[in-house]
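Please read the structure below before turning to the comments.
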Amino acid sequence: MTTDEATKSEGEVQAATLAERGEDITPARDRGVLKIIKRPGSKDESPMIGDKVYVHYKGKLASGKKFDSSRDRNEPFVIKAWDIGVATMKKGEICYLLCKPEYAYGSAGSAPKIPSNATLFFEVELLDFKGEDLFEDGGIIRRIKRKGEGYSNPNEGATVEIHLEGFCGGTRFDCKDVKFVVGEGEDHDIPIGIDKALEKMQRGEHCVLYLGPRYGFGEAGKPKYGIQANAELVYEVTLKSFEKVR
């Protein structure tokens, strides 16, 4: 048996095993993406919508022929998400994914390595993941629990209705439904970071916001809530509705 024949045989066995034993992780339950865990992860938390994930991966055709590998470049591959597969993984986990063409490159393929209507096999290791840095200064990190609707966002001066819960050191200090004008949150004991983040949110979005001190209550703290100076805060925010200012 040649090396190519051995590789093809191994690939066919792996694909057949996934097809037989793999868990269907598609929302539609159409067996378009099947998964088997090779090594469980070390944490309970999985990536959320919009997280940046860091993975190592090997990609093969169902025949076993390799078409790509991050390890060949000796560097992690950074992507926004493998929307279905990676979202089910835990940090440190290694899994196998079998992806039907409609969840891969479809009828177009990806020349020259991936032919039309190819079923793909991946081995993926989730190295790390982190939320979106909204202003690229580390001050506001957003992790989306539920994606909002449409493409419109509140602007400064818009009237918003939100539900929020505020936490400091794991202790909840605030929980309320509130209607206010973006840019005037401080009048309702809401830190400036929430005003800033709302301009990036969509109607119905539910997210977790990690605020550094400059976007929280700063050096003054918030004695009303028992918040010390320069405290880091965590808020869960749901944007229920808004009306933009013209």
Of all residues in segment 143-164, how many are closer than 17 Å to residue 50 by Cβ and of a type in the set (Val, Ile, Thr)? 1
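Condition check: under 23 Å from residue 231 (Cα atoms) and of a type in the set (Phe, Trp, Tyr). Does residue 151 satisfy that?
Answer is no for this residue.
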Within segment 183-202, residues in contact (Cβ under 8 Å) with a residue 40 or more places away in the chain and assigned to a loop (DSSP other than H, G, I, E, B) come out as 191, 199, 200, 201, 202
Listed by range, strands (runs of 3 or more DSSP E) wholly within segment 25-129 having at least 1 residues that are open to solvent by 50 Å² or more (accessible area, probe 1.4 Å) and touching a Pro at 6+ places or on another chain (Cβ under 9 Å) are 52-61
Test of understanding: among 185, 193, 139, which residue is crowded, with 19+ Cβ neighbours inside 10 Å, under 19 Å from residue 230 (Cα atoms), touching a Phe, Trp or Tyr at 6+ places or on another chain (Cβ under 6 Å) and not charged (D, E, K, R)? 193
Can you tell me which residue in segment 165-182 is farthest from residue 49 (Cα to Cα), limited to those that are touching a residue at least 24 places away in the same chain (Cβ under 8 Å) and aliphatic (A, V, I, L, M)? 181
Looking at segment 203-215 only, could you name the residues that are open to solvent by 10 Å² or more (accessible area, probe 1.4 Å) and in a loop (DSSP other than H, G, I, E, B)? 204, 212
Against the definition (of a type in the set (Phe, Trp, Tyr), farther than 30 Å from residue 67 by Cβ and surrounded by 15 or more Cβ atoms within 10 Å (Cβ to Cβ)), how does residue 173 come out, yes or no? yes
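Can you name the residue in segment 219-246 that is on the phi > 0 side of the Ramachandran plot and free of Cβ contacts under 8 Å to residues at least 24 places away in the same chain and, of all such residues, is farthest from the chain's Cα centre (by Cα)? Walk me through it before giving the result.
Kept after step one, since they are on the phi > 0 side of the Ramachandran plot, are these residues of segment 219-246: 221, 226, 230.
From what's left, free of Cβ contacts under 8 Å to residues at least 24 places away in the same chain: 221, 230.
Values: 221: 31, 230: 28 Å.
In this case the residue turns out to be 221.
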Members of segment 217-239 found to be of a type outside the set (A, V, I, L, M), outside any loop (DSSP other than H, G, I, E, B) and either at pLDDT below 95 or open to solvent by less than 60 Å² (accessible area, probe 1.4 Å) (or both), listed by number: 218, 222, 225, 235, 236, 238
Please enumerate the residues belonging to segment 142-155 that are touching an Asp or Glu at 6+ places or on another chain (Cβ under 7 Å), in a loop (DSSP other than H, G, I, E, B) and open to solvent by 30 Å² or more (accessible area, probe 1.4 Å). 147, 153, 155
Which one of these does residue 144 not meet: (1) of a type in the set (A, V, I, L, M, F, W, C); (2) in contact (Cβ under 8 Å) with a residue 60 or more places away in the chain; (3) closer than 18 Å to residue 38 by Cβ? (3)
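The values are calculated or read from the model by the stated rules, or taken from the named source; none is laboratory data. Bear in mind that the values here come from a model prediction, so they are computed numbers and not experimental data. Cβ atoms come from the backbone with ideal geometry, glycine included; neighbour counts cover every protein chain shown. The protein model used for the area step is the full one, side chains on, heavy atoms only, and it has no ligands, DNA or RNA in it. Shrake-Rupley method; radii C 1.70, N 1.55, O 1.52, S 1.80 Å.
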